[in-house]
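Q: Before we start, here is the structure in question, set down as structure tokens.
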Ligand code: PMP
């Protein structure tokens, strides 16, 4: 199943996996100059597609990259690629790079941005992580300050996150917690963090330097609707160690309970009641929401 006859969107054409290539002169490849989104498809519906596309266009604006498609055209291209792959449950990777240029840095030398849409089956963390909770560790590498490389921009320059992932690998962990240059807890290498303290839900504010996750925004809204008090507040590792519950959110991971951090047991070391309640609410919401891809099931062989 892994290498089924998938179709990849490359600059307006749907091509087979083997033909899906980009130039070695693409500044996305040479310099990580570009932006991307990761989006989920649940039961034939694309989850929060508009929100992901809006964030893509915000990242584009911040790096002065002109996306060669309008938001509506991009939405159509994503739907077409999902339909062509016939996967009702999938992960979409949407990439817009600066495009081919010369070997210098200058983005003005890149005349045609590259647009790629990949639709793949999703592989989540092992199920045990959702049942028993994840073990986290704080890492040495810091998330960049917003005035250096703002983590709010979802750019192809993910080396900071990869350095964190390397620390995770060395410790035998699947995810790690990152601090900013001032020592505030900001986010995990590819997920946002939430704590539960005396019945209240707390998450770092965007200005400390995080990606404002779409899942984060959904969880804040679902928790607020369910009557929980949610606050965006700076937190230190002390707060993480002493939380009653903690969980991560992200498109691929969805919601993951955290059981330990830096060897400290969080709460009683089991997914807590508020975490479990929100996970349930999220699952129900995710299945019912989203832009339906017309004729998707008709194409499934
Ligand atoms: N932070 C980082 C650094 C990320 O890469 C991601 C996306 N994987 C997230 C948070 C979560 O964002 P979203 O919920 O939009 O996937």
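Q: For residue 148, which of the numbered conditions (1) under 18 Å from the mean Cα position of the chain (by Cα); (2) in a helix (DSSP H, G or I); (3) closer than 18 Å to residue 209 by Cβ fails to hold?
A: (1)
Q: Pick out the one residue from 53, 14 that is in contact (Cβ under 8 Å) with a residue 60 or more places away in the chain and in contact with a strand residue (DSSP E or B) (Cβ under 8 Å, 6 or more places away or on another chain).
A: Of 53, 14, the one residue that is in contact (Cβ under 8 Å) with a residue 60 or more places away in the chain and in contact with a strand residue (DSSP E or B) (Cβ under 8 Å, 6 or more places away or on another chain) is 14.
Q: A follow-up question, please. State all residues of region 259-282 that are closer than 25 Å to residue 48 by Cα and in contact (Cβ under 8 Å) with a residue 24 or more places away in the chain; if no residue qualifies, say none.
A: Residues satisfying the conditions are 274, 275, 277, 278, 279, 281, 282.
Q: A further question follows. When region 207-225 is examined, which residues are found to be touching a residue at least 24 places away in the same chain (Cβ under 8 Å) and more than 11 Å from the ligand (Cβ to nearest atom)?
A: Residues satisfying the conditions are 207, 208, 222, 223.
Residue-by-condition table, conditions (1) within 15 Å of the ligand (Cβ to nearest atom); (2) under 30 Å from residue 5 (Cα atoms); (3) surrounded by fewer than 22 Cβ atoms within 10 Å (Cβ to Cβ):
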| site | (1), (2), (3) |
| --- | --- |
| 92 | yes, yes, no |
| 97 | no, yes, no |
| 107 | no, no, yes |
| 131 | no, no, yes |
| 139 | yes, no, no |
| 143 | yes, no, no |
| 163 | yes, no, yes |
| 176 | yes, no, no |
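Q: Of all residues in region 27-51, how many are surrounded by fewer than 23 Cβ atoms within 10 Å (Cβ to Cβ) and more than 15 Å from the ligand (Cβ to nearest atom)?
A: Residues meeting the conditions: 7.
Q: Let me ask something else. Which one of 100, 144 is under 20 Å from residue 189 (Cβ atoms) and in contact with a helix residue (DSSP H, G or I) (Cβ under 9 Å, 6 or more places away or on another chain)?
A: 144
Q: For the structure I just gave you, tell me whether residue 182 is more than 17 Å from the chain's Cα centre (by Cα), modelled with pLDDT of 95 or more and either at positive phi or loosely packed, with under 15 Cβ neighbours inside 10 Å (or both).
A: It is true that residue 182 is more than 17 Å from the chain's Cα centre (by Cα), modelled with pLDDT of 95 or more and either at positive phi or loosely packed, with under 15 Cβ neighbours inside 10 Å (or both).
Q: A further question on this structure: Among the residues of region 247-270, what is the count of those that are more than 22 Å from the chain's Cα centre (by Cα) and surrounded by 22 or more Cβ atoms within 10 Å (Cβ to Cβ)?
A: Residues meeting the conditions: 1.
Q: Suppose we filter region 165-207 for residues that are assigned to a helix (DSSP H, G or I) and over 16 Å from residue 231 (Cα atoms); how many remain?
A: So the answer is 7.
The values are calculated or read from the model by the stated rules, or taken from the named source; none is laboratory data. Note that the structure is a prediction, hence the values are computed from the model and not measured. Cβ sites come from the backbone with ideal geometry, for glycine too, and all protein chains shown count toward neighbours.
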